[in-house]
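The values are calculated or read from the model by the stated rules, or taken from the named source; none is laboratory data. Being a predicted model, the structure only gives us computed values, none of them experimental. For neighbour counting, all protein chains shown are included, and Cβ atoms are generated from backbone atoms with ideal geometry for every residue, glycine included.
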Amino acid sequence: MSAAADDDPHIPVLIKPLIAAVSPVSGVWLDGTFGAGGYTRELLEAGADKVIGVDRDPLAFELADPWVAEFGDRIELVEGTFSQLDEYASDLDGIVLDLGVSSMQLDLAERGFSFMRDGPLDMRMSQDGLSAADLVNTKDEAEIADIIYLYGEERASRRIAKAIVAARPVTTTLQLAKIVESCLPRSKPGQSHPATRSFQALRIAVNNEYGELAEGLMAAERALKPGGQLAVVTFHSVEDRMVKRFLQMRSGGTANANRFAPAVEQIEPAFKVLKKKAIGPDDEELARNPRSRSAKLRVAVRTDAPAEAIDPADLGMPMMKAKKETVKKRGKRG
């Protein structure tokens, strides 16, 4: 889920180009990252008969209570993950996925997502399972470094991991932010906070976001009817790469993550990609919400070809060493 616009938390990123790309909107849609409900409202107002809103954060539905009633049975809310969205609905006319973390989560210090607000080091979207504090205080230095490097693309990952282990126990967001800052040069004006990549990495690891994305794309393929539309908004290069490769592979192209690997066997296209180049924010949106600067929208239309499973490794999904071995074993069994 994206960070919403600064002037209104219910205005989702890239909503105007998204609605334009999927119009005319009709039938039953699924909003796989409900968040503050911005996409759901816009889809309903654009003509959707019904929207199924899915979110693993129970807080999202609590915050939606004041307004969902106005749409009656045109909204159905499901607490769950979008990796299982085909278990909640089938023969859908459209699916929207807005990836990342929402403003409502960043703005609540007690959720532990923000390095700008002091709170417990949590970061769990579903509010259950292992927290970020559990991860940094129990994993060994090498695994913490791998997480920060693979999921955050942080070059100083080993230095940061060493400092984290030396400072244990690490229990609050500002404590972790200061540890990371101590390992990096002071950021220049206009640059992102030094802790940005490390916090992103831990959040992704805690919530298995890349695994969710890989499974969610395949679930969307299973759940869409022929002619149904898939719209995905990403916020950093790894997510966009995974979505781009998925659509390339499932629209008849080849997108091997390893150029030396054998070519992937051609299969019947399950999607038709409307635009090869991703859609980004225009000047008006950038002025209203600077956090949209990295957002990219990709849209594709489902064909009548049967759904197929894809190895996440072929999508360029960053994986820890143990996960790579698991994928290899799974491939041998298959």
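One line per residue, one yes/no per condition, for (1) out of contact with any helix residue (DSSP H, G or I) (no Cβ under 9 Å at 6 or more places or on another chain); (2) outside the structural domain of residue 297 (by TED's automatic domain parsing); (3) acidic (Asp, Glu); (4) under 30 Å from residue 90 (Cα atoms):
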position	(1), (2), (3), (4)
175	no, yes, no, no
181	yes, yes, yes, no
216	no, no, no, yes
246	no, no, no, yes
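The condition of being under 19 Å from the mean Cα position of the chain (by Cα) and part of a helix (DSSP H, G or I) holds for residue 204. Within region 113-126, not a single residue is assigned by TED's automatic domain parsing to the domain that holds residue 240, touching a helix residue (DSSP H, G or I) at 6+ places or on another chain (Cβ under 7 Å) and closer than 21 Å to residue 219 by Cβ. Under the condition of being touching a strand residue (DSSP E or B) at 6+ places or on another chain (Cβ under 8 Å) and surrounded by fewer than 18 Cβ atoms within 10 Å (Cβ to Cβ), which residue from region 52-67 is farthest from residue 35 (Cα to Cα)? That would be 58. Looking at the structure I just gave you, is residue 313 of a type in the set (Gly, Ala, Ser) and in a strand (DSSP E or B)? Criteria not met by residue 313.
Scanning region 283-297 for residues that are loosely packed, with under 14 Cβ neighbours inside 10 Å and either modelled with pLDDT of 95 or more or not in a loop (DSSP other than H, G, I, E, B) (or both) turns up 283, 284, 287, 290.
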